[in-house]
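Novice: Okay, here's the structure, questions in a sec.
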Amino acid sequence: MSALRPSTEGDAAWIAELRAVVLRDDLQRLGRYDPVRVRRRFIDGFVPAWTRVIVVDGTDAGSISMRADADDVWLEHFYLRPDLQGRGIGSAILGAVLQESAGRRVRLNVLTGSSARRLYERHGFTVDTEDDVDVFMSMSVPAISPG
């Protein structure tokens, strides 16, 4: 069973470490893996108010951040322990946070060649632009109709 909890400043270090593990293969394939930079980029931009921790069977297992700007909501820092991937947990979490963004456009970027792109496409994201490193995707989440 999975759930979300609010994050705290104390979550930054372990999420940064998880980020390094989750992104390592893709970043190495792209020739962009730096073990210090991959952690530092997360730590430098970590905002607990935007981030929730994914809890699986009572254990912290991942994170997801949703940052709203004037026009859109940005889905950022969506990481799940590799041993839990492929079980539908990420899909369930993504579906739940998308419902919270009803009536808004949600944007994200994923590394070129990442298997995570398939998850986003299954949920309705389409490609806006892409380059050698990043694929920028978005979707308009339908508003929830009353009744």
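Novice: Among bridges DSSP assigns within the stretch 2-107, what percent are antiparallel (round to 5)? Could the numbers behind the result be given before it?
Specialist: On the way: 17 of 20 bridges.
Counting only bridges with both partners in the stretch 2-107, antiparallel ones make up about 85 percent.
Novice: Distance in nm between label sites at ARG67 and TRP14, each 7 Å beyond Cα in the beta-carbon direction?
Specialist: For the pair ARG67/TRP14, the computed spacing is 2.3 nm.
Novice: Okay, next question. Just grab the label-to-label distance for ARG41 and VAL55, each label 7 Å out from Cα along the Cβ direction, in nm (one decimal).
Specialist: 3.0 nm
Novice: Determine the principal axes of the Cα atoms in the chain, then give the extent along each, sorted from largest to smallest and rounded to whole angstroms.
Specialist: 49, 38, 31
Novice: What dipole magnitude, in Debye to the nearest 20, does the stretch 2-107 give about its Cα centre under +1 on Lys/Arg Cβ and -1 on Asp/Glu Cβ?
Specialist: Values: 16 positive and 15 negative charges, 53 e Å.
Dipole about the Cα centre, nearest 20: 260 debye.
Novice: Restricting to DSSP H runs of at least four residues, report the calculated mean residue ellipticity at 222 nm for the chain, -39500 (n - 2.57) per run over all residues, nearest 500 deg cm²/dmol. Don't skip to the answer; put the middle values down first.
Specialist: On the way: 4 runs with 48 residues, N = 147.
Using -39500 (n - 2.57) per qualifying helix, the result is -10000 deg cm²/dmol.
Novice: Ranked from highest to lowest mean number of other Cβ atoms within 10 Å per residue, what is the order of the peptides 25-37, 42-54? Don't jump to the answer; show the numbers that get you there.
Specialist: Details: 25-37: 13.0, 42-54: 16.3.
Descending packing order for the listed peptides: 42-54, 25-37.
Novice: Let me ask another. What net charge do the residues around LEU18 carry, taking every other residue with its C-beta under 13 Å from that of LEU18, with Lys and Arg at +1 and Asp and Glu at -1?
Specialist: Numbers: positive: ARG19, ARG24, ARG39, ARG81; negative: ASP11, GLU17, ASP60, ASP83.
Local charge sum for LEU18: 0.
Novice: Given H placed on each backbone N at 1.01 Å, which residues far from TYR33 in sequence or on other chains put an amide H within less than 5 Å of it?
Specialist: It is GLN28, by chain and number.
Novice: Report the paramagnetic label zone for VAL21: residues of the stretch 62-90 whose backbone N is under 11 Å from a point 7 Å from Cα along the Cα-to-Cβ axis.
Specialist: Inside the label zone: 62, 80-85.
Novice: Would you work out the relative contact order for the chain, in percent, from Cα pairs under 8 angstrom that are 6 or more residues apart? Present the calculation step by step, with values, prior to reporting the outcome.
Specialist: Details: 213 pairs, mean separation 29.5, N = 147.
Dividing the mean separation by the residue count of the chain yields 20 percent.
Novice: What distance in nm separates the two pseudo spin-label positions at ASP134 and ASP34, each 7 Å out from Cα along the beta-carbon direction?
Specialist: Here the modelled spin labels are 1.6 nm apart.
Novice: Please list the helices of the chain that count as membrane-span-like by this rule: a mean Kyte-Doolittle hydropathy of at least -0.5 together with Cα atoms stretching 18 Å or more along the helix axis, each helix being a complete DSSP H run.
Specialist: Within the chain the helices that satisfy the rule are 12-29.
Each value in this text was obtained by applying a stated rule to the coordinates, not by laboratory testing. Note that the coordinates shown come from a computational prediction; the quantities given were computed from them, not determined experimentally. No Cβ is skipped: glycine too gets one built from the backbone with ideal geometry, and neighbour counts run over all protein chains shown.
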